[in-house]
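First up is the structure itself, then whatever we jot down about it.
The values are calculated or read from the model by the stated rules, or taken from the named source; none is laboratory data. Quick caveat: nothing in here was measured; it's all calculated off a predicted structure. In this analysis, Cβ positions are derived from the backbone assuming ideal geometry, glycine residues included, and neighbour counts consider all displayed protein chains.
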Amino acid sequence: MKKDFLALNDFSKAELDALFALTAELKAKQKQGIEHHLLKGKNVALIFEKSSTRTRVSFEVGVYQLGAHPLFISSGTSQMGRGEPIKDTARVMSRYCDGVMIRTFGQEIVEEFARYASVPVINGLTDLFHPCQIMADLFTVIEQKGRYDGLVYAWVGDGNNMANTWIEAAALLGFELRLACPTGYEPDAGVLAWARGKGAKLVLTTDPREAVAGADVLNTDVWASMGQEAEQQERAKAFAGYCLDDALVGLARPDCLVLHCLPAHRNEEITDSVIEGPRSVVWDEAENRLHVQKAIMATLMK
């Protein structure tokens with residue numbers, strides 16, 4: 001039976017830990033120049049309804065390194081962009097390809113696509129979740145700290161798809177997560193309710209200082225995500241005081257890690273001095289998208 005990766009809760013803790021172990025193995029092989037063509041002869045469709053830099057490059061390179069053939073498909077140059085039903089595209093793509101990654105808007109789009117596809121489907125990003133990114137973030141923490149558990153994580157900023165996926169991770173993996181979001185910009189209520197039902201250790205606050213005090217890992221994202229650019233000025237007012245600057249980072253543990261999924265609006269949600277500073281692991285985090293996604297594709301499509 002095929003398995004999809006639409007949200008972190010599609011996998012158990014044991015399965016996520018296995019993905020991290022495979023990620024480490026594949027990264028080591030890539031660094032040593034050892035071929036790892038686990039998907040030799042396969043074809044993987046990469047469907048983009050939202051534009052991208054890191055997701056496109058990391059998936060295309062990852063598919064190639066696994067010995068498969070990537071097919072980049074944008075909504076503007078496909079029938080999806082002209083209104084073809086999702087279920088029709090899903091069934092046809094399943095006849096051509098061995099797996100599909102889709103980066104789109106509503107979570108319901110990837111869920112419908114997966115329901116009608118007979119091959120594995122990976123969520124490259126939706127407005128609700130960004131599971132590949134959080135897997136890369138957590139793998140980066142493992143590399144730097146030797147573990148992800150027993151640490152305190154702080155999210156500062158918008159209660160967006162990143163925040164929602166961090167909440168899922170906290171519920172599944174058992175670590176403490178503190179989220180500082182302005183009033184009216186909280187994470188998804190359904191995701192919060194699900195996580196609390198799982199016994200997640202969550203702290204919600206409107207005070208960034210409370211969230212980061214003594215934390216091991218700090219994370220933020222742009223205040224206006226893709227599609228919200230018209231709200232930029234309004235959001236800038238609402239998020240005043242939420243910039244991850246040297247003063248805020250100084251409240252965390254001295255050996256804390258700073259994450260950002262990129263692209264960053266420097267000196268808005270994060271200062272130039274912090275993203276370029278000694279606590280930043282942003283570039284390792286960005287690279288690890290490649291290795292984590294290879295582990296996901298290899299696990300689902302072998």
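Summary table
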item	result
Test: residue in the range 194-204 that is buried (at least 19 other Cβ atoms within 10 Å of the Cβ) and either farther than 22 Å from C132 by Cβ or hydroxyl-bearing (S, T, Y) (or both)	no
Single condition G277 does not satisfy, out of (1) surrounded by 15 or more Cβ atoms within 10 Å (Cβ to Cβ); (2) more than 18 Å from the chain's Cα centre (by Cα); (3) not aliphatic (A, V, I, L, M)	(1)
Within the range 98-110, considering residues that are within 15 Å of L71 (Cα to Cα) and either outside the structural domain of L66 (by TED's automatic domain parsing) or crowded, with 22+ Cβ neighbours inside 10 Å (or both), the one farthest from the chain's Cα centre (by Cα)	G99
Residues of the range 32-51 classified as within 21 Å of S225 (Cα to Cα) and surrounded by 16 or more Cβ atoms within 10 Å (Cβ to Cβ), total	4
Those residues of the range 1-30 which are within 18 Å of R289 (Cβ to Cβ) and assigned to a loop (DSSP other than H, G, I, E, B), in sequence order	L6, A7, F11
Helices (runs of 4 or more DSSP H) wholly inside the range 211-292 containing at least 2 residues that are under 20 Å from E176 (Cβ atoms)	246-249
